[in-house]
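The values are calculated or read from the model by the stated rules, or taken from the named source; none is laboratory data. Worth saying up front: this structure is predicted, and the values here are computed from it rather than measured. Cβ atoms come from the backbone with ideal geometry, glycine included; neighbour counts cover every protein chain shown. Accessible surface is based on the protein model in full, side chains and every heavy atom, while ligands, DNA and RNA are left aside. Shrake-Rupley method; radii C 1.70, N 1.55, O 1.52, S 1.80 Å.
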Amino acid sequence: EGTGGYRTIRVERRDRVAWIHLDRPEALNALNVQLMREVVAAATELDGDDGIGAIVVTGSERAFAAGADIKEMATKSTAEMRADGHFGGWAAFAAVRKPVIAAVSGYALGGGCELALMCDIILAADSATFGLPELSLGVIPGIGGTQRLVRALGYPKAAEIILTGRRVGAEEAERIGLISRVVPADRLLDEAQEMAASIAAKSLPALVAAKAAMDAALEMPLAEGIALETEHFTALFDTEDQQEGMAAFSEKREPRFRHR
Ligand code: HXC
């Protein structure tokens with residue numbers, strides 16, 4: 001079942017999992033302004049849909065995304081880059097409340113790598129290559145790469161990857177903690193669906209609370225983050241799903257969450 005009206009992405013629903021397929025094969029899924037707007041519009045809509053518990057973002061076998069669209073940016077001035085909204089939309093994507101998985105095959109370079117880093121979990125095919133080659137273009141990572149890679153890997157490793165612009169293969173990406181897991185290329189979509197389905201089966205209020213609390217770990221001092229965790233934990237005790245989850249444990253059965 002497709003959700004219509006998009007030209008650079010395809011949206012598909014499989015049970016409680018929604019898939020956003022980046023779909024600009026002629027440009028290796030380069031992220032132009034239109035694609036950014038469509039990804040953000042789709043993600044925002046799915047975020048508000050109680051029938052969806054997790055979102056998977058994927059590209060093609062050859063490319064997750066080869067970066068921001070260089071041809072679109074090449075002749076712009078600073079004023080034009082500011083005015084044309086190359087960045088703003090991605091903040092809304094990062095603010096999606098539900099878990100988002102990146103299923104990466106092929107190139108995840110520049111903005112493509114940064115988009116993957118905005119997701120909660122990165123699953124990669126053994127064919128995947130990551131990298132932030134922006135310095136070779138005379139610019140720097142521009143949709144969160146300098147911030148998220150440093151937070152993910154620590155400064156020393158992130159600095160080497162950003163300043164050299166070298167490509168990082170899937171095995172190394174897993175070893176250094178840039179991604180969650182490598183799978184054989186022909187298993188990528190099935191593994192992503194399986195993982196997303198197991199997440200989407202959880203209580204939706206608990207998923208949203210977990211993500212909000214984890215996000216706070218990147219933003220807040222420890223004591224404030226723990227206070228926020230306590231707040232979210234406590235608030236869940238007014239949900240049907242908390243009652244159901246704990247009752248199911250006592251009754252030795254699987255919970256039937258109502259996701260509210
Ligand atoms: C626009 C792109 C593109 C990009 C590829 N294409 N990447 N177009 N922007 N980022 C286009 C090519 O021009 C080509 O179109 C077609 O896709 C196929 O790519 P090829 O280069 O022919 O393929 P291949 O030789 O296999 O090389 C693949 C590649 C290379 C290694 C991924 O395309 C590449 O280096 N791409 C750029 C990677 C990069 O520098 N990304 C960072 C972008 S800056 P034609 O019409 O010639 O067939 C960035 C900043 C983020 O991301 C912040 C912005 C706000």
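What to note about this one:
- Filter pass, GLU171 being surrounded by fewer than 20 Cβ atoms within 10 Å (Cβ to Cβ), away from the ligand (no atom under 16 Å from the Cβ) and without any contact (Cβ under 8 Å) to a residue 24 or more places away in the chain: no
- Hey, GLY112 within 13 Å of the ligand (Cβ to nearest atom), at pLDDT 95 or above and in a helix (DSSP H, G or I) or not: yes
- Counting residues in the range 196-217 that are closer than 28 Å to TRP19 by Cβ, touching a Gly at 6+ places or on another chain (Cβ under 7 Å) and surrounded by fewer than 16 Cβ atoms within 10 Å (Cβ to Cβ) gives one or more.
- With respect to the conditions (1) surrounded by fewer than 20 Cβ atoms within 10 Å (Cβ to Cβ); (2) more than 10 Å from the chain's Cα centre (by Cα), ILE121 falls short on a single one, namely (2).
- Strands (runs of 3 or more DSSP E) within the range 1-99 that include 1 or more residues touching a helix residue (DSSP H, G or I) at 6+ places or on another chain (Cβ under 7 Å) and within 9 Å of the ligand (Cβ to nearest atom): 63-65
- Among the criteria (1) under 28 Å from ALA102 (Cα atoms); (2) in contact with a helix residue (DSSP H, G or I) (Cβ under 6 Å, 6 or more places away or on another chain), the one THR239 does not fulfil is (1).
- Being more than 14 Å from the chain's Cα centre (by Cα), away from the ligand (no atom under 15 Å from the Cβ) and either within 22 Å of ARG14 (Cβ to Cβ) or open to solvent by less than 70 Å² (accessible area, probe 1.4 Å) (or both) is a description that applies to GLY177.
- Checking the stated criteria, ALA223 turns out not to satisfy the condition of being crowded, with 17+ Cβ neighbours inside 10 Å and either closer than 27 Å to LEU117 by Cα or polar (S, T, N, Q) (or both).
- Residue count, the range 200-256 (criterion: in contact (Cβ under 8 Å) with a residue 60 or more places away in the chain, out of contact with any strand residue (DSSP E or B) (no Cβ under 7 Å at 6 or more places or on another chain) and farther than 24 Å from ALA152 by Cα): 3
- Of the residues in the range 227-234, not one is assigned to a helix (DSSP H, G or I) and closer than 30 Å to ILE70 by Cβ.
- Restricting THR164, THR239, THR230 to those that are farther than 23 Å from GLY106 by Cα and surrounded by fewer than 16 Cβ atoms within 10 Å (Cβ to Cβ) reduces the list to THR230.
- Whichever residue in the range 125-140 is of a type in the set (Gly, Ala, Ser), in contact with a Gly (Cβ under 8 Å, 6 or more places away or on another chain) and farther than 15 Å from VAL183 by Cα and, among such residues, is least open to solvent (accessible area, probe 1.4 Å): GLY131
- Filtered residue count, the range 1-59, keeping only those that are surrounded by fewer than 17 Cβ atoms within 10 Å (Cβ to Cβ) and either in contact (Cβ under 8 Å) with a residue 60 or more places away in the chain or touching a Pro at 6+ places or on another chain (Cβ under 8 Å) (or both): 3
- So GLN193, is it open to solvent by less than 60 Å² (accessible area, probe 1.4 Å) and assigned to a helix (DSSP H, G or I): yes
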